[in-house]
Amino acid sequence: MLHDLAAQDSSTQLSRRLSRYTTPTLLCCDEVGYLAYDTRYADLLFEVITRRYQLRRPLVLTTNRAFSEWNQVFPTVAPTPASLTPIRVSPPKSRAFASP
């Protein structure tokens, strides 16, 4: 997703491509922060998160990073409550879920 967004040559193309990731009913991003992001990729990911939050579209992010390490995932965003409002941290449940 981030490579796709970063490859857009103009702001018009980027805006159209962002809508591809902001309009689906649900977006799942697995292993966020597993690879190091440059500033551009981190900003694009934060843009997707922010736009989905504004549109009230759910987003599932999985990561092995502790919340205290998220400044490495989003290096240009100060980890303040206001900047992280779109992200609601829910630790994994310790019980297994059975299929219905």
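Read-outs: derived from the displayed coordinates by stated rules, not from any lab. Just so it is clear, the model here is predicted, and its values are computed rather than measured. With ideal geometry, Cβ positions are generated from the backbone for all residues, glycine too; neighbour counts draw on all protein chains shown.
Per-structure values
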| quantity | calculated |
| --- | --- |
| Scaled radius of gyration (Cα, divided by 2.2 N^0.38 Å) that region 1-79 gives | 1.07 |
| Amide H contacts under 5 Å for LEU61, placed H, 5+ residues apart | CYS29 |
| Net charge of Cβ neighbours under 15 Å - reference ASN64; Lys, Arg +1; Asp, Glu -1 | -2 |
| Backbone HN-Hα couplings from phi across region 69-75 [Karplus 6.51/-1.76/1.60, Hz, Gly and Pro as x] | 9, 5, 5, 7, 6, 10, x |
| For peptides 54-60, 28-34, 6-12, sequence by mean Cβ density within 10 Å, most packed first | 28-34, 54-60, 6-12 |
| ³J(HN,Hα) computed for each position of region 60-67 - Karplus, 6.51 cos²θ - 1.76 cosθ + 1.60, integer Hz, glycine/proline x | 10, 10, 10, 7, 9, 7, 6, 4 |
